[in-house]
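The values are calculated or read from the model by the stated rules, or taken from the named source; none is laboratory data. In this text, all values refer to a predicted model and were calculated from it rather than measured experimentally. All Cβ positions, glycine included, derive from the backbone under ideal geometry; neighbour counts span all protein chains shown. These area figures cover heavy atoms from the full protein model, side chains too; ligands, DNA and RNA do not enter into them. Shrake-Rupley method; radii C 1.70, N 1.55, O 1.52, S 1.80 Å.
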Amino acid sequence: MSLDQLLTWVPAGSQEESLARQVDFDRLPAHVAVIMDGNGRWAAQRHLPRVEGHRAGIASVRDVVETSARLGLEVLTVYAFSVENWKRPPTEVSVLMGLLKRYLRLELETLQANDIRFNVIGAQNELPDDVRRELDVGQERTSGNGGMLFNIALNYGGRAEIVEAARRAMEAGGRPSDLDEDTFGQWLYTAGQPDPDLLIRTSGEMRVSNFLLWQIAYAEIWVTETLWPDFRACHLLEAILDYQKRERRYGGIAQPAVVGH
Ligand code: FPP
């Protein structure tokens, strides 16, 4: 997509418009991954139950997904539920699962209208049946779309993904000497996808929290104090503009942030 696609979406004269006009569309990150954090704190600041933070976070997901698709990102991945999140109170887990189902039901039309392909990364087989059914419908209905790939990381853990990939590679019975970084990548949930160029984390925490451990090897990290329910298109654009100023070195000498390098 392009600047025009984005300008029809952001309000004229807004901060988003001014930021969008500064983006270099030839140097977009191919893959942006987001650790959505701070929902609980957002709710606490308003003396609301934690789940209200998650509920409010849905509006941020909607805004970021549509903005990313209009920008022309190849892949957007959001961290919705980690393997560790099962330790949360059962009511919070069940509200999160319910929100996901609701989001998918309500957003399917928007995903279709924006040619977005929806995909789940994580151990889907361990999710409740009703959630799995909804995820299957979303993935099936959008499977023919050719625009942005939208990954939701659900029941996801980076270490678990790597262990599972190693297991599958061994079970496939190839020669150990044929296994290298590229062939190993084919056993991960993100097989065939570009690695994240930019990792965004909200709410100021400086952690990667077991997210895409293999894939973020060379990602540029952008952390904002903004809590996830307050995160909007303008923050995504700020992150992308900051990314475009970085020099990516990959352990070598400086080179500008260019997709695919
Ligand atoms: C972290 O905030 C956020 C989560 C564990 C869940 C994120 C889920 C959503 C935004 C809603 C559903 C998502 C989709 C994709 C439809 P936290 O609870 O850890 O916040 P805290 O650190 O302030 O307590």
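Of note:
- Taking Asn155, Asn119, Asn85 as the candidate residues, the one with maximal mean-square fluctuation in a Gaussian network model of the chain, Cα springs under 10 Å, is Asn85.
- Over the chain, accessible surface divided per residue gives 49 Å², non-protein components excluded, 1.4 Å probe.
- Comparing Arg102, Arg207, Arg159 in a Gaussian network model of the chain, where Cα atoms under 10 Å apart are tied by springs, the biggest mean-square fluctuation is seen for Arg207.
- Only beta bridges with both residues in the chain are counted; by DSSP, about 5 percent of them are antiparallel.
- Charges were assigned to the Cβ only: +1 to each Lys and Arg, -1 to each Asp and Glu. The resulting dipole of the stretch 1-68 about its Cα centre is roughly 420 debye.
- Convex hull per residue volume in Å³, alpha carbons only, for the stretch 37-81: 65 Å³
- Computed from point charges on the beta carbon alone (+1 for Lys and Arg, -1 for Asp and Glu), the dipole magnitude for the stretch 37-132 about its Cα centre is near 320 Debye.
- Simple rule: put +1 on each Lys or Arg Cβ and -1 on each Asp or Glu Cβ in the chain, find the dipole, and look at His235, Ala33, Ser94; the Cα lying farthest toward the positive end is Ser94.
- Sorted peptide list for 196-202, 146-152, criterion being average Cβ within 10 angstrom, highest first: 196-202, 146-152
- Stretch gain in nm, segment Phe184-Arg168, where the contour uses 0.36 nm per residue and the Cα spacing is subtracted: 4.8 nm
- Order by protection proxy (mean Cβ within 10 Å, highest first), peptides 34-46, 236-248: 34-46, 236-248
- Taking amide H atoms as placed 1.01 Å from N in the peptide plane, the amide H of Thr142 lies under 5 Å from those of Phe118, each 5 or more residues away in sequence or on another chain.
- With the biggest extent put first, the Cα atoms of the stretch 109-202 measure 46, 32, 31 Å across the principal axes.
- Helices in the chain, meaning DSSP H runs of at least 4 residues, each add -39500 (n - 2.57). Divided by all residues, the mean residue ellipticity at 222 nm is -13500 deg cm²/dmol.
- Selected from Thr183, Ser209, Ala219, residue furthest toward positive end of dipole (the stretch 142-219; charges at beta carbon): Ser209
- Apportionment of accessible area to carbon and sulfur, the stretch 1-129, percent (1.4 Å): 50 percent
- Estimated D of the chain in µm² per second, where Rh is the Kirkwood radius over Cα pairs and Stokes-Einstein applies at 4 °C, 1.567 mPa s: 68 µm²/s
- Overall, the chain carries a charge dipole of about 600 debye about its Cα centre when +1 sits on the Cβ of Lys and Arg and -1 on the Cβ of Asp and Glu, all other atoms neutral.
- Gyration tensor (Cα) of the stretch 13-127, equivalent ellipsoid semi-axes in angstrom: 27, 18, 13
- Between Ala172, Ala30, Ala123, the Gaussian network model of the chain with springs among Cα atoms under 10 angstrom shows the greatest mean-square fluctuation at Ala172.
- When the solvent-accessible area of the stretch 161-221 is split by element, carbon and sulfur atoms take up 53 percent of it, the probe being 1.4 Å.
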